[in-house]
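Read the structure below first, then the notes.
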Amino acid sequence: MLVRSLRGETVSPAPIWFMRQAGRYLPEYRELRTKAASFLDFCYTPDLAVEATLQPMRRYAFDASIVFSDILVVPDALGQKTWFVQGEGPRLEPLTDVGSLSLAGFDAHLSPVYETIARLRAELPAEKALLGFCGAPWTLATYMIAGKGGGDQFAARKAAAADPVAFQALIDLLVEACARHLVAQVRAGADALQIFDSWASALDEDGFSRWSIRPIGEIVNKVRAATDVPIIGFPRGAGAGYCPFVEETRVDAVSLDWSVPMDLAKTLQTRVCVQGNLDPARLVAGGAQLDAAVDRICAALGAGPFVFNLGHGISLETPPAHVTRVIERVKAKTAS
Ligand code: CP3
(Lines give C-alpha, C1' and ligand atoms only; values in the text may rest on other atoms or scores of the structure.)
Protein backbone atom coordinates (compact mmCIF):
# COMPACT_ATOMS: atom_id res chain seq x y z
CA MET A 1 0.00 0.00 0.00
CA LEU A 2 2.57 2.54 1.13
CA VAL A 3 4.95 1.68 -1.69
CA ARG A 4 2.21 2.01 -4.32
CA SER A 5 1.29 5.48 -3.02
CA LEU A 6 4.92 6.53 -2.95
CA ARG A 7 5.24 5.44 -6.57
CA GLY A 8 2.41 7.79 -7.54
CA GLU A 9 -0.77 5.71 -7.39
CA THR A 10 -3.91 6.96 -5.66
CA VAL A 11 -4.56 4.29 -3.02
CA SER A 12 -7.85 4.02 -1.17
CA PRO A 13 -8.03 4.11 1.81
CA ALA A 14 -4.85 6.20 2.12
CA PRO A 15 -1.87 4.53 3.83
CA ILE A 16 -0.93 5.98 7.21
CA TRP A 17 2.09 5.95 9.52
CA PHE A 18 3.51 8.50 11.96
CA MET A 19 6.99 9.90 12.23
CA ARG A 20 8.43 8.73 15.57
CA GLN A 21 5.49 6.35 16.00
CA ALA A 22 7.61 4.30 18.43
CA GLY A 23 8.88 5.96 21.59
CA ARG A 24 8.20 7.51 24.91
CA TYR A 25 4.49 8.36 24.52
CA LEU A 26 3.92 4.56 24.69
CA PRO A 27 4.08 3.00 28.19
CA GLU A 28 5.37 -0.28 26.72
CA TYR A 29 8.33 1.63 25.18
CA ARG A 30 9.19 3.31 28.49
CA GLU A 31 9.26 -0.14 30.11
CA LEU A 32 11.44 -1.64 27.32
CA ARG A 33 13.80 1.34 27.39
CA THR A 34 14.90 0.42 30.96
CA LYS A 35 16.60 -2.71 29.50
CA ALA A 36 19.51 -0.80 27.93
CA ALA A 37 21.99 1.44 29.70
CA SER A 38 22.06 4.08 26.97
CA PHE A 39 19.85 5.12 24.08
CA LEU A 40 22.50 4.17 21.50
CA ASP A 41 22.99 0.75 23.14
CA PHE A 42 19.23 0.36 22.79
CA CYS A 43 19.42 1.22 19.06
CA TYR A 44 22.33 -1.21 18.53
CA THR A 45 20.60 -4.16 20.29
CA PRO A 46 18.45 -5.91 17.65
CA ASP A 47 16.22 -7.66 20.24
CA LEU A 48 15.27 -4.27 21.71
CA ALA A 49 15.12 -2.31 18.45
CA VAL A 50 12.92 -4.97 16.79
CA GLU A 51 10.55 -4.94 19.76
CA ALA A 52 10.38 -1.11 19.89
CA THR A 53 9.57 -1.01 16.15
CA LEU A 54 6.80 -3.58 16.54
CA GLN A 55 5.12 -1.99 19.58
CA PRO A 56 3.12 0.62 17.64
CA MET A 57 2.31 -1.99 14.95
CA ARG A 58 0.64 -4.20 17.58
CA ARG A 59 -1.37 -1.35 19.05
CA TYR A 60 -2.43 0.38 15.85
CA ALA A 61 -3.50 -0.31 12.25
CA PHE A 62 -0.54 1.58 10.76
CA ASP A 63 0.36 0.56 7.19
CA ALA A 64 4.09 1.04 7.66
CA SER A 65 6.72 0.73 10.34
CA ILE A 66 9.97 2.65 10.57
CA VAL A 67 13.01 0.86 11.91
CA PHE A 68 13.83 1.93 15.45
CA SER A 69 17.18 3.72 15.21
CA ASP A 70 18.34 7.36 15.10
CA ILE A 71 19.79 9.76 12.58
CA LEU A 72 22.85 10.21 14.83
CA VAL A 73 24.06 6.62 14.36
CA VAL A 74 25.75 7.99 11.21
CA PRO A 75 28.15 10.44 12.94
CA ASP A 76 28.66 7.78 15.64
CA ALA A 77 29.64 5.23 12.95
CA LEU A 78 32.00 7.78 11.35
CA GLY A 79 33.90 7.93 14.63
CA GLN A 80 32.50 11.10 16.22
CA LYS A 81 31.69 10.23 19.82
CA THR A 82 27.89 10.56 20.29
CA TRP A 83 25.70 10.04 23.35
CA PHE A 84 22.27 11.05 24.68
CA VAL A 85 21.66 12.86 27.96
CA GLN A 86 18.36 11.80 29.53
CA GLY A 87 15.85 14.64 29.31
CA GLU A 88 18.21 16.86 27.29
CA GLY A 89 18.89 15.14 23.98
CA PRO A 90 21.96 14.33 21.91
CA ARG A 91 25.54 15.34 22.67
CA LEU A 92 28.50 14.92 20.29
CA GLU A 93 32.16 15.59 20.79
CA PRO A 94 32.43 18.84 18.76
CA LEU A 95 33.89 18.32 15.32
CA THR A 96 37.05 20.26 14.56
CA ASP A 97 38.46 18.41 11.56
CA VAL A 98 36.65 16.35 8.89
CA GLY A 99 39.86 14.35 8.63
CA SER A 100 39.12 12.83 12.04
CA LEU A 101 36.06 11.06 10.53
CA SER A 102 36.34 7.82 8.59
CA LEU A 103 34.19 5.36 6.68
CA ALA A 104 36.57 2.53 7.57
CA GLY A 105 34.49 0.89 10.31
CA PHE A 106 31.16 2.27 9.13
CA ASP A 107 29.38 -0.85 7.84
CA ALA A 108 30.49 -3.04 10.74
CA HIS A 109 29.42 -0.39 13.27
CA LEU A 110 25.93 -0.22 11.77
CA SER A 111 25.49 -3.98 11.26
CA PRO A 112 23.06 -4.25 14.24
CA VAL A 113 20.73 -1.82 12.43
CA TYR A 114 20.78 -4.05 9.34
CA GLU A 115 20.19 -7.15 11.44
CA THR A 116 17.20 -5.36 13.04
CA ILE A 117 15.78 -4.61 9.59
CA ALA A 118 16.24 -8.19 8.36
CA ARG A 119 14.48 -9.55 11.44
CA LEU A 120 11.66 -7.02 11.11
CA ARG A 121 11.08 -7.80 7.44
CA ALA A 122 10.82 -11.50 8.29
CA GLU A 123 8.37 -10.82 11.14
CA LEU A 124 6.10 -8.17 9.65
CA PRO A 125 3.17 -9.23 7.45
CA ALA A 126 3.89 -8.67 3.74
CA GLU A 127 1.28 -5.88 3.46
CA LYS A 128 3.07 -3.77 6.11
CA ALA A 129 5.86 -1.72 4.58
CA LEU A 130 9.17 -1.30 6.40
CA LEU A 131 10.91 2.08 6.14
CA GLY A 132 14.60 2.71 6.51
CA PHE A 133 15.87 6.26 7.02
CA CYS A 134 18.76 8.63 7.53
CA GLY A 135 19.27 12.26 8.47
CA ALA A 136 20.14 14.58 5.57
CA PRO A 137 23.76 15.83 5.44
CA TRP A 138 22.80 19.40 6.48
CA THR A 139 20.79 18.25 9.53
CA LEU A 140 23.55 15.83 10.57
CA ALA A 141 26.14 18.60 10.14
CA THR A 142 24.18 20.90 12.49
CA TYR A 143 24.51 18.33 15.29
CA MET A 144 28.09 17.43 14.41
CA ILE A 145 29.29 21.04 14.47
CA ALA A 146 27.33 22.33 17.49
CA GLY A 147 27.82 19.11 19.47
CA LYS A 148 24.15 19.24 20.42
CA GLY A 149 20.68 19.95 19.05
CA GLY A 150 18.28 22.83 19.39
CA GLY A 151 18.89 26.54 18.89
CA ASP A 152 18.86 28.04 15.42
CA GLN A 153 21.71 26.02 13.92
CA PHE A 154 23.86 29.14 14.16
CA ALA A 155 27.13 27.23 14.58
CA ALA A 156 26.61 25.24 11.36
CA ARG A 157 25.35 28.29 9.42
CA LYS A 158 28.44 30.19 10.53
CA ALA A 159 30.76 27.31 9.61
CA ALA A 160 29.19 26.99 6.14
CA ALA A 161 29.50 30.73 5.51
CA ALA A 162 33.01 31.13 6.93
CA ASP A 163 34.66 28.17 5.19
CA PRO A 164 32.46 26.68 2.45
CA VAL A 165 35.31 24.50 1.18
CA ALA A 166 35.75 22.75 4.52
CA PHE A 167 31.99 22.57 4.97
CA GLN A 168 31.61 21.01 1.50
CA ALA A 169 34.14 18.33 2.47
CA LEU A 170 31.99 17.42 5.47
CA ILE A 171 28.81 17.38 3.36
CA ASP A 172 30.51 15.21 0.70
CA LEU A 173 31.55 12.67 3.32
CA LEU A 174 28.01 12.64 4.71
CA VAL A 175 26.54 12.11 1.21
CA GLU A 176 28.73 9.04 0.84
CA ALA A 177 27.92 7.78 4.36
CA CYS A 178 24.15 8.37 4.05
CA ALA A 179 23.93 6.70 0.64
CA ARG A 180 25.84 3.68 1.95
CA HIS A 181 23.61 3.48 5.02
CA LEU A 182 20.41 3.70 2.93
CA VAL A 183 21.53 1.10 0.38
CA ALA A 184 22.51 -1.28 3.20
CA GLN A 185 19.06 -0.81 4.77
CA VAL A 186 17.40 -1.75 1.45
CA ARG A 187 19.66 -4.79 1.06
CA ALA A 188 18.62 -5.84 4.59
CA GLY A 189 14.91 -5.59 3.69
CA ALA A 190 13.65 -1.97 3.80
CA ASP A 191 10.82 -1.35 1.31
CA ALA A 192 11.10 2.46 1.20
CA LEU A 193 13.36 5.18 2.60
CA GLN A 194 12.95 8.60 4.21
CA ILE A 195 15.61 11.32 4.37
CA PHE A 196 14.98 13.71 7.30
CA ASP A 197 16.23 17.27 6.73
CA SER A 198 14.74 18.40 10.03
CA TRP A 199 16.64 21.72 10.11
CA ALA A 200 16.21 22.73 6.45
CA SER A 201 14.24 25.74 7.73
CA ALA A 202 17.45 27.34 9.06
CA LEU A 203 18.99 27.88 5.62
CA ASP A 204 18.72 30.91 3.33
CA GLU A 205 17.86 30.38 -0.36
CA ASP A 206 21.44 29.83 -1.52
CA GLY A 207 22.22 27.65 1.50
CA PHE A 208 19.10 25.56 0.96
CA SER A 209 20.07 24.91 -2.65
CA ARG A 210 23.68 24.09 -1.81
CA TRP A 211 23.42 22.24 1.51
CA SER A 212 19.94 20.64 1.37
CA ILE A 213 18.81 20.13 -2.25
CA ARG A 214 22.16 19.31 -3.85
CA PRO A 215 23.42 16.72 -1.35
CA ILE A 216 19.99 15.03 -1.09
CA GLY A 217 19.86 14.87 -4.90
CA GLU A 218 23.28 13.20 -4.88
CA ILE A 219 22.11 10.66 -2.30
CA VAL A 220 18.98 9.95 -4.39
CA ASN A 221 21.17 9.31 -7.46
CA LYS A 222 23.52 7.00 -5.58
CA VAL A 223 20.69 5.03 -3.96
CA ARG A 224 18.84 4.71 -7.29
CA ALA A 225 21.97 3.39 -8.96
CA ALA A 226 21.99 0.50 -6.47
CA THR A 227 18.32 -0.19 -5.61
CA ASP A 228 14.81 0.64 -6.79
CA VAL A 229 12.84 1.48 -3.63
CA PRO A 230 10.93 4.79 -3.38
CA ILE A 231 12.54 7.66 -1.48
CA ILE A 232 10.69 10.26 0.63
CA GLY A 233 12.35 13.64 1.27
CA PHE A 234 11.45 15.78 4.30
CA PRO A 235 12.87 19.32 4.07
CA ARG A 236 11.10 20.49 7.22
CA GLY A 237 10.10 24.13 7.19
CA ALA A 238 11.36 24.77 3.64
CA GLY A 239 8.32 26.92 2.73
CA ALA A 240 8.47 27.99 -0.92
CA GLY A 241 11.62 25.84 -1.17
CA TYR A 242 9.48 22.66 -1.30
CA CYS A 243 8.97 23.25 -5.07
CA PRO A 244 12.64 23.34 -6.16
CA PHE A 245 13.33 20.58 -3.62
CA VAL A 246 10.90 18.23 -5.40
CA GLU A 247 12.05 19.22 -8.90
CA GLU A 248 15.77 19.05 -8.26
CA THR A 249 16.28 16.18 -5.79
CA ARG A 250 13.95 13.88 -7.82
CA VAL A 251 12.59 12.22 -4.67
CA ASP A 252 9.53 9.98 -5.20
CA ALA A 253 7.56 11.59 -2.41
CA VAL A 254 7.76 14.63 -0.17
CA SER A 255 6.83 14.82 3.51
CA LEU A 256 5.21 18.15 4.43
CA ASP A 257 5.46 19.98 7.74
CA TRP A 258 2.22 21.42 9.16
CA SER A 259 2.96 24.96 7.98
CA VAL A 260 2.58 23.93 4.31
CA PRO A 261 -0.72 25.36 2.95
CA MET A 262 -3.05 22.91 1.18
CA ASP A 263 -2.74 24.90 -2.08
CA LEU A 264 1.01 24.33 -2.14
CA ALA A 265 0.50 20.68 -1.08
CA LYS A 266 -1.85 20.15 -4.05
CA THR A 267 0.62 21.75 -6.46
CA LEU A 268 3.37 19.43 -5.18
CA GLN A 269 0.99 16.47 -5.51
CA THR A 270 0.79 17.06 -9.28
CA ARG A 271 4.51 16.08 -9.37
CA VAL A 272 5.00 13.52 -6.57
CA CYS A 273 3.24 11.69 -3.76
CA VAL A 274 2.72 13.96 -0.73
CA GLN A 275 2.88 12.84 2.89
CA GLY A 276 1.59 14.74 5.89
CA ASN A 277 0.87 17.02 7.54
CA LEU A 278 -1.14 17.03 10.78
CA ASP A 279 0.25 19.28 13.51
CA PRO A 280 1.37 16.94 16.36
CA ALA A 281 -0.02 19.51 18.86
CA ARG A 282 -3.51 18.94 17.41
CA LEU A 283 -3.04 15.21 17.98
CA VAL A 284 -2.26 15.90 21.65
CA ALA A 285 -5.21 18.29 22.10
CA GLY A 286 -7.74 15.90 20.51
CA GLY A 287 -11.50 16.41 20.24
CA ALA A 288 -13.46 18.15 17.49
CA GLN A 289 -10.55 20.32 16.28
CA LEU A 290 -8.51 17.14 15.66
CA ASP A 291 -11.31 15.54 13.62
CA ALA A 292 -11.72 18.75 11.61
CA ALA A 293 -7.98 18.99 10.88
CA VAL A 294 -7.86 15.34 9.73
CA ASP A 295 -10.89 15.95 7.51
CA ARG A 296 -9.33 19.05 5.91
CA ILE A 297 -6.15 17.16 5.01
CA CYS A 298 -8.01 14.12 3.66
CA ALA A 299 -10.39 16.29 1.64
CA ALA A 300 -7.54 18.28 0.09
CA LEU A 301 -5.13 15.42 -0.65
CA GLY A 302 -7.09 12.13 -0.57
CA ALA A 303 -7.87 12.11 -4.30
CA GLY A 304 -4.22 11.85 -5.41
CA PRO A 305 -1.04 10.04 -4.38
CA PHE A 306 -1.05 10.59 -0.63
CA VAL A 307 0.22 9.13 2.65
CA PHE A 308 -1.32 10.44 5.86
CA ASN A 309 1.29 11.41 8.46
CA LEU A 310 2.14 14.06 11.02
CA GLY A 311 3.91 17.29 10.05
CA HIS A 312 6.78 16.26 12.40
CA GLY A 313 7.47 13.59 15.02
CA ILE A 314 4.79 12.61 17.52
CA SER A 315 4.88 14.50 20.84
CA LEU A 316 5.65 12.53 23.98
CA GLU A 317 2.49 14.02 25.55
CA THR A 318 0.28 12.23 22.98
CA PRO A 319 -2.56 10.18 24.50
CA PRO A 320 -2.32 6.80 22.68
CA ALA A 321 -6.13 6.73 22.17
CA HIS A 322 -5.91 9.85 19.97
CA VAL A 323 -3.73 7.92 17.52
CA THR A 324 -6.36 5.18 17.18
CA ARG A 325 -9.00 7.82 16.55
CA VAL A 326 -7.00 9.47 13.75
CA ILE A 327 -6.24 6.17 12.01
CA GLU A 328 -9.93 5.19 12.03
CA ARG A 329 -10.98 8.59 10.74
CA VAL A 330 -8.39 8.68 7.93
CA LYS A 331 -9.45 5.20 6.78
CA ALA A 332 -13.14 6.24 6.76
CA LYS A 333 -12.51 9.59 5.04
CA THR A 334 -10.29 8.17 2.29
CA ALA A 335 -12.25 4.97 1.57
CA SER A 336 -13.50 4.87 -2.01
O1 CP3 B 1 9.26 5.47 15.43
C2 CP3 B 1 10.28 6.14 15.13
O3 CP3 B 1 10.25 7.00 14.22
C4 CP3 B 1 11.51 5.88 15.93
C5 CP3 B 1 12.81 5.99 15.23
C6 CP3 B 1 13.43 7.38 15.29
C7 CP3 B 1 14.05 7.99 16.42
N8 CP3 B 1 14.65 9.14 16.02
C9 CP3 B 1 14.05 7.45 17.80
C10 CP3 B 1 14.36 8.34 18.95
C11 CP3 B 1 13.62 8.25 14.21
C12 CP3 B 1 13.09 8.11 12.77
C13 CP3 B 1 14.40 9.35 14.68
C14 CP3 B 1 14.85 10.44 13.80
C15 CP3 B 1 15.54 11.60 14.39
N16 CP3 B 1 16.41 11.63 15.45
C17 CP3 B 1 15.47 12.90 13.83
C18 CP3 B 1 14.70 13.30 12.58
C19 CP3 B 1 13.25 13.45 12.84
C20 CP3 B 1 12.90 14.69 13.65
O21 CP3 B 1 12.34 14.52 14.72
O22 CP3 B 1 13.19 15.80 13.16
C23 CP3 B 1 16.27 13.74 14.63
C24 CP3 B 1 16.48 15.24 14.44
C25 CP3 B 1 16.87 12.91 15.64
C26 CP3 B 1 17.86 13.32 16.67
C27 CP3 B 1 17.36 13.07 18.04
N28 CP3 B 1 17.18 11.83 18.61
C29 CP3 B 1 17.02 14.04 19.01
C30 CP3 B 1 17.07 15.54 18.81
C31 CP3 B 1 16.63 13.35 20.16
C32 CP3 B 1 16.27 13.94 21.48
C33 CP3 B 1 14.92 14.53 21.47
C34 CP3 B 1 13.92 13.55 21.91
O35 CP3 B 1 12.87 13.42 21.20
O36 CP3 B 1 14.15 12.94 22.94
C37 CP3 B 1 16.70 11.96 19.87
C38 CP3 B 1 16.36 10.84 20.77
C39 CP3 B 1 15.39 9.83 20.30
N40 CP3 B 1 15.37 9.28 19.03
C41 CP3 B 1 14.36 9.23 21.09
C42 CP3 B 1 13.71 8.30 20.26
C43 CP3 B 1 12.57 7.38 20.62
C44 CP3 B 1 14.08 9.54 22.56
C45 CP3 B 1 15.18 9.03 23.44
C46 CP3 B 1 14.80 7.89 24.37
O47 CP3 B 1 13.80 7.19 24.15
O48 CP3 B 1 15.54 7.66 25.34
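Annotations
- Distance between modelled label sites at Arg33 and Glu127, nm, 7 Å Cα→Cβ extension: 3.2 nm
- Å² of accessible area per residue within the chain, as computed with a 1.4 Å probe and no ligands counted: 40 Å²
- Accessible surface of Glu115 - all protein chains present, 1.4 Å probe, nearest 10 Å²: 90 Å²
- Spin-label model distance (nm) - Val284 vs Glu248, 7 Å beyond Cα toward Cβ: 3.4 nm
- Lys333 - accessible surface, heavy atoms, 1.4 Å probe, Å² rounded to 10: 100 Å²
- Among the helices of the chain, those built from whole DSSP H runs whose Cα atoms reach 27 Å or more along their own axis and whose mean Kyte-Doolittle hydropathy is at least -0.5 are 164-188.
- Net +/- balance of residues flanking Leu256 in space, Cβ distance below 14 Å, scoring K and R +1, D and E -1: 0
- Segment 245-279 and segment 52-97: distance between their alpha carbon centers, rounded to Å: 25 Å
- Counted charge near Leu2, where neighbours are those whose Cβ lies closer than 13 Å (Asp, Glu -1; Lys, Arg +1): -2
- Carbon/sulfur fraction of accessible area - the chain, other protein chains in place, 1.4 Å, %: 52 percent
The values are calculated or read from the model by the stated rules, or taken from the named source; none is laboratory data. It should be emphasised that the depicted structure is a prediction, and the values quoted were computed from it without experimental measurement. Cβ atoms come from the backbone with ideal geometry, glycine included; neighbour counts cover every protein chain shown. The area values use the complete protein model at the heavy-atom level, side chains included, leaving out ligands, DNA and RNA. Shrake-Rupley method; radii C 1.70, N 1.55, O 1.52, S 1.80 Å.
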